[in-house]
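These notes concern the structure reproduced below.
The values are calculated or read from the model by the stated rules, or taken from the named source; none is laboratory data. These numbers come from a predicted model, not from an experiment. A quick note on method: Cβ atoms are made from the backbone with ideal geometry, for glycine too, and the neighbour counts reach across all protein chains shown.
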Amino acid sequence: MADDSALREQLATCTRILAMEGLIGMFGHVSAYDPASGRVLLCPGAGSDKATVQADDLFVLDRDGKVLEGQGHVPIEWPIHTTLHAARADALAVAHLHAPYSTLFSIAQRPFRAVTFHASMFRDGVPLYSEAQLIMTPTKGQALLRVIGDKRAALLRNHGLVVVGRDLPEVLYATLVFEDNARKIVEAAALGEVGHLSARECAEFETDEQMRARVPLMWRYFTTLEGRWDRQPGSGRVGLS
């Protein structure tokens, strides 16, 4: 079996960064997929201290959700991860979060649209999974798959957010950009009507290739900050500016 130690370390790091940014905590989880082996690496579930997760703390599942390695509490919404990894070649990393500002858009009756240039990556839309329920079975995982289609993200009604990416750095990038865009919409709304970027403006800002060039820059930036974080709740959030 191929050595997955580098992927494990990257997933553990991504988990800690999301915890540092306050985007996962008691709840929320992130995964990575090795298509060569069919193995899904998944961070620990509810009750785990995700600020201190290490490579040895991760679970390994097969695509049917059977636990192959790991001890403790497996995230109960593991079908989110196994379903998307199995169905989409571009879903090599998946995050499910209850991020504070992003989740507001699963509650409020208003669409998520780009107001920042970096959120242009979501210009094709963010669909809503309309059932207010946890994704705890493969059947519900398939229902989510039908909703998200080929999009980068989907909102889960009154629940949270799912983001997919071609690797963990891209999922981190997309998640941070989504939350930043959501926060700025909410804060700008206090000043008046919110102006959105048009599809043309989004397309002119960046191509997929240009977005991918920014991904390693953000990964390097946040891994550096995470390396000196004191692990105390609420003490490490940096956000985007």
Q. Residues 237, 231: which one is over 14 Å from residue 14 (Cβ atoms), assigned to a loop (DSSP other than H, G, I, E, B) and touching a Gly at 6+ places or on another chain (Cβ under 7 Å)?
A. 237
Q: Name every residue in the range 28-74 that is under 25 Å from residue 103 (Cβ atoms), out of contact with any helix residue (DSSP H, G or I) (no Cβ under 8 Å at 6 or more places or on another chain) and either crowded, with 17+ Cβ neighbours inside 10 Å or modelled with pLDDT of 95 or more (or both), in order of residue number.
A: 45, 59, 74
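Residue-wise test of (1) loosely packed, with under 12 Cβ neighbours inside 10 Å; (2) among the hydroxyl-bearing types (Ser, Thr, Tyr); (3) out of contact with any Pro (no Cβ under 6 Å at 6 or more places or on another chain).
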residue	(1), (2), (3)
141	no, no, no
166	no, no, yes
175	no, yes, yes
181	no, no, yes
184	no, no, yes
229	no, no, yes
241	yes, yes, yes
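I'd like to check which helices (runs of 4 or more DSSP H) are fully inside the range 56-160 and have at least 3 residues that are over 18 Å from the mean Cα position of the chain (by Cα). Step through it out loud before you land on a result.
Values: elements: 78-87, 100-104, 138-148.
Those helices (runs of 4 or more DSSP H) span 138-148.
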Q) For the range 186-200, what are the residues that are assigned to a helix (DSSP H, G or I) and touching a helix residue (DSSP H, G or I) at 6+ places or on another chain (Cβ under 8 Å)? A) 186
Q.
If residue 147 satisfies all but one of (1) touching a residue at least 24 places away in the same chain (Cβ under 8 Å); (2) surrounded by 15 or more Cβ atoms within 10 Å (Cβ to Cβ), what's the number of the condition it fails?
A. (1)
